[in-house]
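What follows is calculated from the coordinates using simple rules that are stated; it is not laboratory data. None of the values given here were measured: they were computed from a predicted structure. Heads up, the Cβs are rebuilt from the backbone with ideal geometry, glycines too, and the neighbour counts pull from every protein chain shown.
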Amino acid sequence: MGKILIVTAIAGVLLAFLGERYMTFRTKLMASRDIISNHLPNCVYIKGLGKEYGSEDLTILPGGLALISTGLKYPNLRRLSDDPGKIYALNLEEGNLKPVELKISRGFDLDSFFPHGISTFIDEKDQTVYLFVVNHPDFKSTVEIFRFVEEDSSLTHLKTIEHELLHSVNDIVAVGPESFYATNDHYFTNALFSVEYMIGLALCNVVYYSPEEVREAAAGFYSANGINISPDKKHLYVGDVFDHVVHVLEIQENKTLVPLKKVDVGTLPDNIEVDSVTGDLWLGCHPNAWRLLRYDPENPPGSEVIQIQNIHSEKPTVTKVYVDDGHVIEGSSVATPYKGKLFIGTMYQKAIICDLNPVDL
């Protein structure tokens, strides 16, 4: 009888713990948050970036050419097509906004190309543009380095990088022709990563990679997601999607990162873009990630874009620039301004470009 009571007590404690963890997980996903749309004027869909492939990440080169990753394939995320991913170029200076698929050099395995976060590095000596792409062949993580040749809309594959510390890479920021910082968005690479999220373990990190060394640069994130660098190259910004914050970290001479502060953004931050002139941060975000994981066409996941101004000040300004309940655009993952326009990309759906209100510029 005593053993039965002990087992019953243990079971009760376990159920209570799991129940509490479940509710905490829903809170982290903002599952109960109601979304009130706040649209921008003159939004149009970008034809050629269809809902089968999405536009998970993008970066804009000087001169207005946007490079866009499509075709993300990732565990537990909805995907409408099993076709391999692609990289597109979109000239934002042209009025027709027609994406051009970039040809990838022979020898690269196109069938296992499922791009995630991207970043560019421009060599000041010869202006060579290097494109770094997080890839997930067979749900693993690699970093592919390409040379971008604008004249013939092509990518020449230069190198594939794999390392045990780069085990669940989400996003990347290039700091040299073969060097970068990358975020790992979960610690476990098997079914335990769901338990990791449910329990709420802060085991994720940022890794520095160069041909000479690979090291953990910062740790203690619930799920490190978007990453980018300040215009003066002295600070990194990392979005922790489950903590609803953006971390500000100072880059040390030995490439490690010292945390300075974190800014509460009130939503689940995805990719981060940085205005090279103002230093403002622009983020594609998920206002209710429960809808993202449990997709219901009658109640689709919404989209949210935020702008962070004066992030290094005592009181940064966080502004909701665009909000949609999912009936215009689902699952925004990236956003960036360009000459009075705002480009918004998604994980698996459409991409749009809107006019920015003067107050948002």
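Which three extents, in whole angstrom, do the alpha-carbon atoms of segment 127-270 cover along their principal axes, largest first?
So the three principal-axis extents are 48, 37, 30 Å.
List the pairs from 47/341; 234/262; 47/86; 28/261; 86/140 whose alpha-carbon separation is above 25 Å, in the order I gave them.
From the list (47/341; 234/262; 47/86; 28/261; 86/140), the Cα-Cα distance tops 25 Å for no pair.
Mind scanning 73/350; 125/255; 103/339; 103/159 and naming the pairs with a C-alpha gap bigger than 21 Å?
Too far apart for the 21 Å limit: 125/255; 103/339.
Return the single residue from 185, 232, 243 with maximal mean-square fluctuation; model: Gaussian network over the chain, springs between Cα atoms under 10 Å.
Of 185, 232, 243, the most mobile in the Gaussian network model is 232.
Run the numbers on the chain and let me know its relative contact order in percent, using alpha-carbon pairs under 8 Å that are six or more apart.
16
Let me know the charge dipole size of segment 221-361 about its Cα centre in debye, to the nearest 20, where only the beta-carbon of Lys, Arg (+1) and Asp, Glu (-1) is charged.
Using only the charged Cβ atoms, the result is roughly 260 debye.
Tally Lys/Arg at +1 and Asp/Glu at -1 over every other residue whose Cβ is under 14 Å from the Cβ of residue 325; what's the total?
Residues near residue 325 contribute -3 overall.
Just going by the charge dipole of the chain, with Lys and Arg at +1 and Asp and Glu at -1 on Cβ, which of 70, 241, 27 is farthest out on the positive end?
Projecting each Cα onto the dipole axis, the largest value belongs to 27.
Would you please report the Å³ per residue occupied by the convex hull of the alpha carbon atoms in the chain?
It is 160 Å³ per residue.
All other residues with a Cβ under 14 Å from the Cβ of residue 138 taken together, and with Lys, Arg as +1 and Asp, Glu as -1, what is their net charge?
The answer is -2.
With springs only between Cα atoms under 10 Å apart, run a GNM on the chain and tell me which of 139, 114, 180 wobbles the most.
Between 139, 114, 180, it is 139 that shows the largest mean-square fluctuation.
For labels at residue 140 and residue 276 in the simple 7 Å Cα→Cβ model, what's the distance in nm?
3.5
Just 27, 120, 336 to compare: in a GNM of the chain, with alpha carbon springs under 10 Å, which one fluctuates most?
Maximum fluctuation in the GNM of the chain, among the listed residues, is at 27.
Excluding the sites themselves, what is the longest stretch of the chain that contains no GluC sites (Glu not before Pro) in a DSSP loop with at most 13 other C-beta atoms within 10 Å?
1-92
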